[in-house]
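Since every read-out is calculated from the coordinates, none of them should be taken as a lab result. Please read these numbers as outputs of a predicted model, since none were measured by experiment. For neighbour counting, all protein chains shown are included, and Cβ atoms are generated from backbone atoms with ideal geometry for every residue, glycine included.
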Amino acid sequence: MAQFSSGTPNTFTPVPTTTTLNNWVLTVLTAGQLARIKMFNWGGLGTSLVGYVTRWGRVSNTPATPTAYNIVASNPGTSPLATCNTYGTAALNAADSTLFKQSWNVQGGGGAIILPIGGEWQIVGAVLGNSFNQIGCGNIAGADANLSNYGVQWEE
C-alpha cells in the first residue's frame, strides 16, 4: 500500500473549541476505498508555558468549504484518494468518538504516536456525513500564532 503524509503548515493558527476538529481532517470519499492512519503527531515551538489539549476523533457532520493541505507521497508515482483539509464549516467531533486526547505544553512540547500493526485507525470511503469516512484533529485548549503543528501519515 502507498503511504502519504500531510498536516498543518508552519503558518497554522489553531482555534480551541470543545466541539470541532479544525486542525486537519482526513477524508475518503471513494466508496470501497480504505485508508489507515499509521502515525499522527503534534508539536510546538512556543516560548511561554501555555497548556494545550489536542484530540483526534471521528467526524459526525458534513463539513463544508475545504482548504486542502499539501500531501506528500512516500512512494514515487502514487497519488492519494484521500484528502487532508481544514474546513470553513468545521468538522464536528462525534459524541464519544475521541480516539486519542493529549495534554501538552507548546513550549517545546510535542510527540508522535505510531499505531500498532492491525491497530491503525481505519477510514472507509463514503459520501460526506458518513461517520466512518473522516477522522480529524482539533484543540480543546491552546491557541497560538504559528507556534504549533499537527500532522498525519496514512496508507491506502
Filtered residue count, the range 1-29, keeping only those that are on the phi < 0 side of the Ramachandran plot and either surrounded by 15 or more Cβ atoms within 10 Å (Cβ to Cβ) or in contact with a His (Cβ under 6 Å, 6 or more places away or on another chain) (or both):
20
Please count how many residues of the range 23-56 are β-branched (Val, Ile, Thr) and within 17 Å of GLY136 (Cα to Cα).
6
